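The values are calculated or read from the model by the stated rules, or taken from the named source; none is laboratory data. Note that the coordinates shown come from a computational prediction; the quantities given were computed from them, not determined experimentally. Note: ideal-geometry Cβ built from the backbone for every residue, glycine included; neighbour counts use all protein chains shown. Note: areas computed on protein heavy atoms with side chains; ligands, DNA, RNA excluded. Shrake-Rupley method; radii C 1.70, N 1.55, O 1.52, S 1.80 Å.
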Amino acid sequence: MEIATVVKANGGCEADRRRRLRRLRCSVKDYAWGKIGSDSLVYRVYAANSDQPIDSTRPYAELWMGTHESGPSYLEDDADGGVTLRSWIAENPEALGDRVLEKWGCDLPFLFKVLSVGRALSIQSHPDKVLAKKLHKAHPNLYKDDNHKPEMALAYTQFEALCGFIPLQELKSVIRAIPEIEELVGSEEANQVFCISEHDEEKVKSAVRTIFTLLMSAGPDTTKQIVSKLKHRLHMESQERHLTDKERLVLKLEKQYPDDIGVISAFFFNYVKLNPGEALYLGANEPHAYLFGECIEVMATSDNVVRAGLTSKPLDIQTLCSMLSYKLGFPEILKGSRIRPYITRYLPPFEEFEVDLCDLPCGASTVFPSVPGPSLLLVLQGEGRMSTDASADEISMGDVLFVPADTEIHLKSSSDLKLYRAGINSRFLDSP
């Protein structure tokens, strides 16, 4: 009887150990477009999260939280500091929950990030699953994953992006107003858009595909000449009229990336300005470029990017132009839904992820209910206490924690607390 009791107790202790919250040390990326040192939210979070000396003169662009091998997270309480979250999950697959294991295998299906954007990222798109497998097989050094990469950006500060193609009527106005586009692609091709109705969706897509592909395929000498002409014209006209927001953006991009075809292609895309707490989501094969600001980003676990401008990195213009959906119109902006006191949920149409934002005033309490999938928690402001039935932790800015499936979390703040939770999309978890 005593032996049975001891075995049961030991088994219970082992189960509690596996179900504890796991503090993580995370990886950082110093891409050139990031903000420098303490101007960067990524730097400030990383400085609080890391136990290593930090160089404050470098750009800090992205903090990665998850299992992707290009930016792994490590268990903080591991004595050697060498156990990755991915390897821990491999040894403790029950932490993912049965539905997640069955759907995605023994890995976290989402990647969580903080971004600090000081200047524009490349004009890019992410392939769907079929194309991702083809690209990975053909060019594994360039396309490192065979997975798609839908994503969502949740603004922490005001956040600017180019996203998706502008509506047809706006495109007609752009081609009338920007003679340099016609000069690049030819008058016959440019004038196609004036002969079609927005109700003829396939003809619209075909015309935009033709014009955009011709534009992006322009040679470097021609591009340099046309960008210079555009820049000179806008500077001259600015002395006689107020330039539009898009025209001012184009001049800003030209300073960041001189003689780049991405400067002119910006006229084709929606210029999106998110306020803090607003989110933008992007499916496969949609063109976009983040421009400025700081955000929380979550995506399917992949690092596949097809680039075509505003970058010094390798370009794959033909792949990008052939893969795009060419859907026109302004993207949907998510403002989130209040799911309980102090917690707002952002729910995109992708199975792999969702994000909850918890704004907890000093002295207040709330609960994240148990869900049958894993979560990552990120503290961006304040201090408090987080407890489960297996552990209790003091938390503060820069803390990142892995939460196993089926874990209820109780939060109490000791100062105004801002916390983000990335987890599996609840529509998937709640489905039959």
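Listed values, structure above:
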item	result
Condition check for Leu291: closer than 17 Å to Tyr156 by Cβ and over 19 Å from the mean Cα position of the chain (by Cα)	no
The stretch 221-245 - residue that is part of a helix (DSSP H, G or I) and among the charged types (D, E, K, R) and, of those, surrounded by the most Cβ atoms within 10 Å (Cβ to Cβ)	Lys231
Filter result (acidic (Asp, Glu) and open to solvent by 30 Å² or more (accessible area, probe 1.4 Å)) within the stretch 113-149	Asp128, Asp146
Verdict on Glu198 being free of Cβ contacts under 8 Å to residues at least 24 places away in the same chain and either outside any helix (DSSP H, G or I) or charged (D, E, K, R) (or both)	no
Enumeration of residues in the stretch 1-41 that are open to solvent by less than 40 Å² (accessible area, probe 1.4 Å), of a type in the set (Gly, Ala, Ser) and modelled with pLDDT of 95 or more	Ser27, Gly34, Gly37, Ser40
Qualifying residues in the stretch 92-112 (those that are in contact (Cβ under 8 Å) with a residue 60 or more places away in the chain and outside any helix (DSSP H, G or I)) - the one most open to solvent (accessible area, probe 1.4 Å)	Asp107
Single residue of the stretch 246-286 satisfying the filter (open to solvent by 30 Å² or more (accessible area, probe 1.4 Å) and assigned to a strand (DSSP E or B)) that is nearest to Thr311 (Cα to Cα)	Tyr271
Those strands (runs of 3 or more DSSP E) lying entirely in the stretch 313-432 with at least 3 residues within 28 Å of Tyr43 (Cα to Cα) and within 17 Å of the chain's Cα centre (by Cα)	354-360, 375-381, 417-423
Number of the exception - Ala308 against (1) of a type in the set (A, V, I, L, M, F, W, C); (2) open to solvent by 50 Å² or more (accessible area, probe 1.4 Å); (3) assigned to a strand (DSSP E or B)	(2)
